[in-house]
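The structure appears right after this line, and notes come after that.
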Amino acid sequence: MPDQLDRLRETIKGAIASCDMVISSGGVSVGDYDYVERLLSELGGEILVRSVAVKPGKPLTVAKFDACLYFGLPGNPVSALVTFWRFVRPALLKRSGLRADWHLPRVWGTTTTGLRGERGRETYRWGQHAWTDEGLVFTPAGGSDSSGNLINLAGTTALGIIPAGQDLGVGDRLEVMVLNG
């Protein structure tokens, strides 16, 4: 969808009128053409979340309407996936009637490389996990960790979670969100 205010307004209006949950990607940051939060307010939505202290995925908008919950995900592919796995997936499962197990499993493991945390934000690094005799081992994906690098996300089976402001060394323990059960 192009960044056209009137067209976007009509599309969002139609979606919230006919859906229990709406998920969009892009238009939720602070750029000149990021209209989503403004439109959600104009359409009577109660803005519950404007951003989250995670990397990647800081721009995340959550709004509530009478019968609809709206998630505006970031436009970068990795940011959109991380915020989906972390926030949207649990909401979908809960709203679908599942009574428990909304969140992906989190397991403590060790990292095979050093990882840098972001000051003030919990950092999610994508990569692969493996089970060894010593427990879970997390290996981050190689290459750039840019949130626009979708190719680097291929083969991801887990997200390593680095607490805000912390750096981890080889062999340090970290919490790992397992994506494939």
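The values are calculated or read from the model by the stated rules, or taken from the named source; none is laboratory data. Fair warning: this is a prediction, and the values are worked out from it, not measured in the lab. No Cβ is skipped: glycine too gets one built from the backbone with ideal geometry, and neighbour counts run over all protein chains shown.
Counting only residues that are of a type in the set (D, E, K, R) and closer than 13 Å to Tyr70 by Cα, region 39-60 holds 2 of them.
Among residues of region 34-48 that are touching a residue at least 24 places away in the same chain (Cβ under 8 Å) and of a type in the set (D, E, K, R), those with a beta-carbon under 8 Å from a residue that is part of a helix (DSSP H, G or I) and surrounded by 13 or more Cβ atoms within 10 Å (Cβ to Cβ) at least six positions away or on a different chain give the pairs Glu42/Arg9. Just so you know, in region 1-12 the residues that are surrounded by fewer than 18 Cβ atoms within 10 Å (Cβ to Cβ) and over 14 Å from Gly75 (Cα atoms) include one that is modelled with the lowest pLDDT, and it is Gln4. Would you mind telling me which numbered condition in (1) more than 27 Å from Leu153 (Cα to Cα); (2) touching a His at 6+ places or on another chain (Cβ under 6 Å) Pro90 fails? Only one criterion in (1) more than 27 Å from Leu153 (Cα to Cα); (2) touching a His at 6+ places or on another chain (Cβ under 6 Å) is unmet by Pro90, namely (1).
Going by the conditions given, is Trp126 assigned to a strand (DSSP E or B) and surrounded by fewer than 16 Cβ atoms within 10 Å (Cβ to Cβ)? Judged against the criteria, Trp126 is not a match.
The residues in region 157-181 that are more than 10 Å from Gly127 (Cα to Cα) and among the hydroxyl-bearing types (Ser, Thr, Tyr) can be counted, and the count is 0.
The rows are residues; the columns are (1) in contact (Cβ under 8 Å) with a residue 12 or more places away in the chain; (2) of a type outside the set (Phe, Trp, Tyr).
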| site | (1), (2) |
| --- | --- |
| Thr61 | yes, yes |
| Gly72 | yes, yes |
| Gly75 | yes, yes |
| Leu81 | yes, yes |
| Phe84 | yes, no |
| Pro90 | yes, yes |
| Lys94 | no, yes |
| Arg99 | no, yes |
| His103 | yes, yes |
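When Trp108, Trp102 are checked against the criterion of being modelled with pLDDT under 95 and not basic (Lys, Arg), a single residue qualifies: Trp102.
When the residues of region 129-168 are filtered to those that are surrounded by 12 or more Cβ atoms within 10 Å (Cβ to Cβ) and β-branched (Val, Ile, Thr), which remaining residue is farthest from Gly26 (Cα to Cα)? Looking at residues that are surrounded by 12 or more Cβ atoms within 10 Å (Cβ to Cβ) and β-branched (Val, Ile, Thr), I get Val137.
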